[in-house]
1. How big is the range 74-189 on each of its three principal axes, counting only the C-alpha atoms and giving the largest first in Å?
2. Suppose only helical runs count, i.e. DSSP H with n ≥ 4. What mean residue ellipticity at 222 nm does that imply for the chain under -39500 (n - 2.57) per run, divided by all residues and rounded to the nearest 500 deg cm²/dmol?
3. So, in the chain, how many Lys pairs have Cα atoms under 21 Å apart, if the pair is 8 or more places apart or on different chains?
4. To test your reading of the geometry: what angle, between 0 and 90 degrees and rounded to tens, separates the Cα axis of helix 106-120 from the longest principal axis of the chain?
5. Say R0 is 30 Å: what FRET efficiency, to the nearest 0.05, do R194 and E33 get from their beta-carbon distance?
6. Can you give me the angle between helix 142-155 and the longest principal axis of the chain, using Cα atoms only, in degrees from 0 to 90, rounded to the nearest 10?
7. For E236 and Q118, what does the FRET efficiency come to when R0 = 35 Å and r is the distance between their Cβ atoms, rounded to the nearest 0.05?
8. With 10 angstrom as the radius, rank S226, S185 by how many other C-beta atoms surround their C-beta, starting from the fewest.
Amino acid sequence: MAMDDMTGNKPAPPAIELARDAVFLDFDGCLVEIAPRPDAVVIPPDLPAMLTTLAEALDGALAVVSGRSLRDLEHFLSGYAGPMVGSHGAEARGMDPPLAESPAELTALQAELARFAQTQGLLYEEKSHGGALHFRADPTRQQEVEEFTAALADRFPAFAIQPAKMAVELRPEGYSKDGALALLSELPDFSGRRPVYAGDDRTDEPALAWAEANEGYGIKIGEGESAARFHLPEPEDLRAWLAAAVRG
Ligand SMILES: O=P(O)(O)OC[C@H]1O[C@H](O[C@H]2O[C@H](CO)[C@@H](O)[C@H](O)[C@H]2O)[C@H](O)[C@@H](O)[C@@H]1O
């Protein structure tokens, strides 16, 4: 299927309205290009400064909302000091952490994930509140990863399956990016503004739908069906759209 068909010929978003919008940005595959491994993402050198400038222009109404651990986001976006939500809505900087304490079974769950990855030759990413098994290096491993993580979620009900791009994650049950948007939108800097969410992945669809349902809009980055009404092809297009707002 051609990309236009997959995206329903959706248009590019309108310009950001600095006095009206609250801007929420996903990280992997959205602000930055997908890389072969989680630790191999390339951060454009001017990205943290551009986010800082845009956040100032929005009077603080900008946040990064990601499935990554918060510590990863702080590392990769060092220099940007604004609000960030990590672990698919479970942890945050700039507001009260949605999840005060990890589920008690976290260590046991992570040990199972690590052991499976080691014995099966898969890439394991340990996260603050869960973990991910990555099969990007060998997509034929998808089914075994899905079966293993489904069985694990049955045994550890405090965690939920979170499908990602060439990976399956286990995150704390009950936390999500749309929940994070609802919490962020109550903060003084965000309250009363029009929510604008940009994301690329299945993990972003609830947040894209939330923005659409709350008098704002979503921007789907890349191919695929989406609740978002707008579309941009690549992360570099999103970065250009953000930069245009601060150039005026
Ligand atoms: O919510 P996001 O910011 O989009 O994060 C979702 C997950 O992204 C990361 O994995 C994905 O990106 C990797 C680097 O490009 C890629 O190698 C992997 O195949 C993708 O699934 C990250 O590693 C996860 O922790 C995030 O939850």
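Values quoted throughout were computed directly from the atomic coordinates according to the rules given, and no laboratory measurement underlies them. Just so we're clear, the structure is a prediction, and the values are computed from it rather than from any experiment. Please note: Cβ atoms are built from the backbone with ideal geometry, for glycine as well, and neighbour counts cover all protein chains shown.
1. That gives 47, 30, 21 Å along the principal axes, largest extent first.
2. -9500 deg cm²/dmol
3. Lysine pair count for the chain: 6.
4. 70 degrees
5. Values: r = 28 Å, r/R0 = 0.92.
Here the calculated transfer efficiency is 0.60.
6. Roughly 80 degrees between the two axes.
7. Working: r = 36 Å, r/R0 = 1.03.
It comes to 0.45.
8. S185, S226
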